[in-house]
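The values are calculated or read from the model by the stated rules, or taken from the named source; none is laboratory data. Source: prediction; values computed, not measured. Every residue, glycine as well, gets a Cβ built from its backbone with ideal geometry; the counts of neighbours run over all protein chains shown. For the accessible areas, the whole protein counts, side chains as well, though only heavy atoms, and no ligand, DNA or RNA atoms are used. Shrake-Rupley method; radii C 1.70, N 1.55, O 1.52, S 1.80 Å.
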Amino acid sequence: MIQQLVALRRELHRFPELSGLEFETAQRIVNFLLPFEPDQVITDLGCTGVAAVYDFGVPETTIMIRCELDALPIQEVNSFEYRSVTDSVSHKCGHDGHMVIVAGLADWLQNASLEDARIVLLFQPAEETGEGAPGILADESFEQIIPDYIFALHNLPGFPMHQIVSTGSEFTATVQSVSISLHGKESHAAEPENGLNPALAIAELINRYNDIVVNDINSEDFALITPVYSSMGTKDYGVSPADGELHLTIRTWTPEEMNALMKKIESIAQDVALKHSLQHKLLWFDYFSATKNDSFCNAIIKTAAEKSGFDLNQRKHPFKFGEDFGVFTQRYPGAMFGLGSGEETPALHNPDYDFPDEIIETGIAMFKEIILKTLANR
């Protein structure tokens with residue numbers, strides 16, 4: 001079976017698709033699952049999502065195992081045979097491996113002896129844009145498979161291969177992005193005093209936002225503000241421009257801290273714009289809720305790791321990246337855990353990253369034990 005799963009993982013890696021466009025990826029998953037005879041396969045969930053449903057007896061408890069379908073807009077630099085065939089699109093977050101781990105449960109579920117349970121394997125689109133989980137929840141078909149418990153994993157380069165990483169009440173940070181648009185007045189570049197150029201305002205915004213960063217992950221006031229894009233004017237050297245734009249991504253541990261930081265960012269933008277006599281506008285987008293770890297589900301993960309004999313790393317603080325799995329865990333009891341993918345493995349979103357096939361069986365073993373322990377302790 002492992003050879004089939006490795007072949008599937010490499011096929012998915014070779015043919016990646018961006019968020020919301022995972023049509024062929026979803027079909028490959030469906031084609032793989034059908035021989036393992038799920039009781040129901042729901043397609044087109046939240047656009048391209050897939051759910052494979054296995055019923056045992058009269059279901060009293062629904063356990064959902066979730067993974068992601070989408071790839072990233074990154075050019076792959078690897079030269080192996082199964083490298084991405086699509087320019088500037090590749091699986092650099094390991095979603096190809098996550099899909100294969102979840103799909104690998106179908107072989108076990110086909111002949112499993114579970115009691116009064118429904119197990120749902122959910123393949124979710126558009127995680128990278130934060131649109132996938134809300135789209136799934138808004139789909140009427142999701143009402144058929146509402147979970148009592150929901151679990152997911154994420155592979156973690158930089159951690160020993162096969163190590164299980166657990167956190168406290170949150171697994172990932174609350175993440176939000178914002179664009180700040182500034183508008184002044186054009187003038188001749190030889191006479192900038194006759195216009196309103198946003199350059200100094202953009203520089204001041206970057207410096208003032210940096211002053212309120214709290215990059216200590218041990219602090220409850222952790223607040224990370226990262227400038228990711230800026231623009232101003234055009235390559236017309238006789239014109240002092242009127243328009244500028246600055247984009248930021250901000251991260252906190254909790255939604256409450258996020259709300260407070262948003263107010264600070266808005267206040268600073270207003271103050272700087274007024275100081276430089278500029279009009280300004282803020283647009284908030286790409287919101288990722290913190291992934292909450294339900295205490296019962298988190299305990300199940302720890303027990304499953306210990307039962308399976310895996311090294312367990314109980315980390316004190318959440319990870320700083322965003323994950324739209326948080327949209328599910330804000331509504332249903334659930335938890336996410338990390339799966340170490342090697343201390344020498346390139347970092348997530350690096351152009352040379354590749355999911356290690358060695359940890360496929362580890363992920364499957366963890367989810368099997370999580371399902372069994374959840375049902376035994378419901």
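Among the residues of the stretch 83-101, those identified as part of a loop (DSSP other than H, G, I, E, B) and crowded, with 24+ Cβ neighbours inside 10 Å are His91, Lys92, Gly94.
Can you tell me which residues in the stretch 254-307 are under 21 Å from the mean Cα position of the chain (by Cα), under 30 Å from Thr374 (Cβ atoms) and not hydroxyl-bearing (Ser, Thr, Tyr)? If the condition is that a residue be under 21 Å from the mean Cα position of the chain (by Cα), under 30 Å from Thr374 (Cβ atoms) and not hydroxyl-bearing (Ser, Thr, Tyr), then Pro255, Glu256, Phe288, Ala290, Lys292, Asn293, Asp294, Cys297, Asn298, Ile301 are the ones that fit.
Just one residue in the set Leu72, Leu121 is under 20 Å from Leu5 (Cβ atoms) and either open to solvent by 10 Å² or more (accessible area, probe 1.4 Å) or in contact with a strand residue (DSSP E or B) (Cβ under 7 Å, 6 or more places away or on another chain) (or both); that residue is Leu121. Remark: pairs (first residue in the stretch 244-263, within 17 Å of Gly326 (Cα to Cα) and open to solvent by less than 20 Å² (accessible area, probe 1.4 Å); second residue of a type in the set (A, V, I, L, M) and in a strand (DSSP E or B); Cβ separation under 8 Å; 6+ apart in sequence or on different chains) = Ile250/Val175; Ile250/Val178; Ile250/Ala223; Ile250/Leu224; Ile250/Ile225; Thr252/Ala223; Thr252/Leu224; Met258/Ile250.
Among the residues of the stretch 136-149, is any more than 30 Å from Ala201 (Cα to Cα), surrounded by fewer than 24 Cβ atoms within 10 Å (Cβ to Cβ), modelled with pLDDT of 95 or more and under 18 Å from the mean Cα position of the chain (by Cα)? Yes, there is a match, as at least one residue in the stretch 136-149 is more than 30 Å from Ala201 (Cα to Cα), surrounded by fewer than 24 Cβ atoms within 10 Å (Cβ to Cβ), modelled with pLDDT of 95 or more and under 18 Å from the mean Cα position of the chain (by Cα). None of Leu34, Leu114 is open to solvent by 10 Å² or more (accessible area, probe 1.4 Å), closer than 24 Å to Lys368 by Cβ, assigned to a helix (DSSP H, G or I) and hydrophobic (A, V, I, L, M, F, W, C) except Leu34. Consider Ala269 carefully, then state whether it is under 27 Å from Asn197 (Cβ atoms), of a type outside the set (S, T, N, Q), surrounded by 22 or more Cβ atoms within 10 Å (Cβ to Cβ) and modelled with pLDDT of 95 or more. Spelling it out, Ala269 is indeed under 27 Å from Asn197 (Cβ atoms), of a type outside the set (S, T, N, Q), surrounded by 22 or more Cβ atoms within 10 Å (Cβ to Cβ) and modelled with pLDDT of 95 or more. Starting from the stretch 58-80, take each residue that is modelled with pLDDT under 95 and list its partners that are part of a strand (DSSP E or B), counting only C-beta distances under 8 angstrom and pairs at least six apart or across chains. Final answer for the pair search is Pro59/Ala117; Pro59/Arg118; Glu60/Ala117. Only residues that are surrounded by fewer than 19 Cβ atoms within 10 Å (Cβ to Cβ) and either within 27 Å of the chain's Cα centre (by Cα) or closer than 20 Å to Ile136 by Cα (or both) were counted across the stretch 48-59, and they come to 0.
Which residue is surrounded by the most Cβ atoms within 10 Å (Cβ to Cβ), if the candidates are limited to the stretch 60-69 and must be among the hydrophobic types (A, V, I, L, M, F, W, C) and within 23 Å of Val89 (Cα to Cα)? Here the answer is Leu69. In the set (1) assigned to a helix (DSSP H, G or I); (2) in contact (Cβ under 8 Å) with a residue 12 or more places away in the chain, the condition left unmet by Glu143 is number (2). Residues in the stretch 160-214 that are part of a helix (DSSP H, G or I) and over 27 Å from Tyr287 (Cα atoms): Pro192, Glu193, Asn194, Ala199, Leu200.
Summed over the stretch 303-316, residues that are under 24 Å from Asn218 (Cα atoms), open to solvent by less than 70 Å² (accessible area, probe 1.4 Å) and polar (S, T, N, Q) total 1. Considering only residues in the stretch 332-347 that are touching a strand residue (DSSP E or B) at 6+ places or on another chain (Cβ under 8 Å) and part of a loop (DSSP other than H, G, I, E, B), the one that is farthest from Met161 (Cα to Cα) turns out to be Tyr332. All of (1) under 30 Å from Lys316 (Cβ atoms); (2) out of contact with any helix residue (DSSP H, G or I) (no Cβ under 8 Å at 6 or more places or on another chain); (3) in contact (Cβ under 8 Å) with a residue 40 or more places away in the chain; (4) part of a strand (DSSP E or B) hold for Thr226 with one exception: (3).
If we keep just the residues of the stretch 272-302 that are among the basic types (Lys, Arg) and open to solvent by 70 Å² or more (accessible area, probe 1.4 Å), which is farthest from Thr129 (Cα to Cα)?
At the first step, the residues of the stretch 272-302 found to be among the basic types (Lys, Arg) are 275, 281, 292, 302.
After this cut, where a residue has to be open to solvent by 70 Å² or more (accessible area, probe 1.4 Å) as well, the list is 275, 281, 292.
On the way: Lys275: 35, Lys281: 22, Lys292: 19 Å.
Once the filter is applied, the top-ranked residue is Lys275.
Scanning the stretch 338-361 for residues that are open to solvent by 10 Å² or more (accessible area, probe 1.4 Å), of a type outside the set (A, V, I, L, M, F, W, C) and out of contact with any Ser or Thr (no Cβ under 7 Å at 6 or more places or on another chain) yields Glu343, Glu344, Thr345, Pro346, His349, Asn350, Pro351, Asp352, Asp354, Asp357, Glu358, Glu361.
Is it true that Gly334 is within 17 Å of the chain's Cα centre (by Cα), open to solvent by less than 40 Å² (accessible area, probe 1.4 Å), modelled with pLDDT of 95 or more and farther than 22 Å from Gly132 by Cβ?
Values: within 17 Å of the chain's Cα centre (by Cα): yes; open to solvent by less than 40 Å² (accessible area, probe 1.4 Å): yes; modelled with pLDDT of 95 or more: yes; farther than 22 Å from Gly132 by Cβ: no.
In short, no.
Whether a residue is closer than 28 Å to Asp294 by Cβ and within 18 Å of the chain's Cα centre (by Cα) was assessed, and Val165 passes this test.
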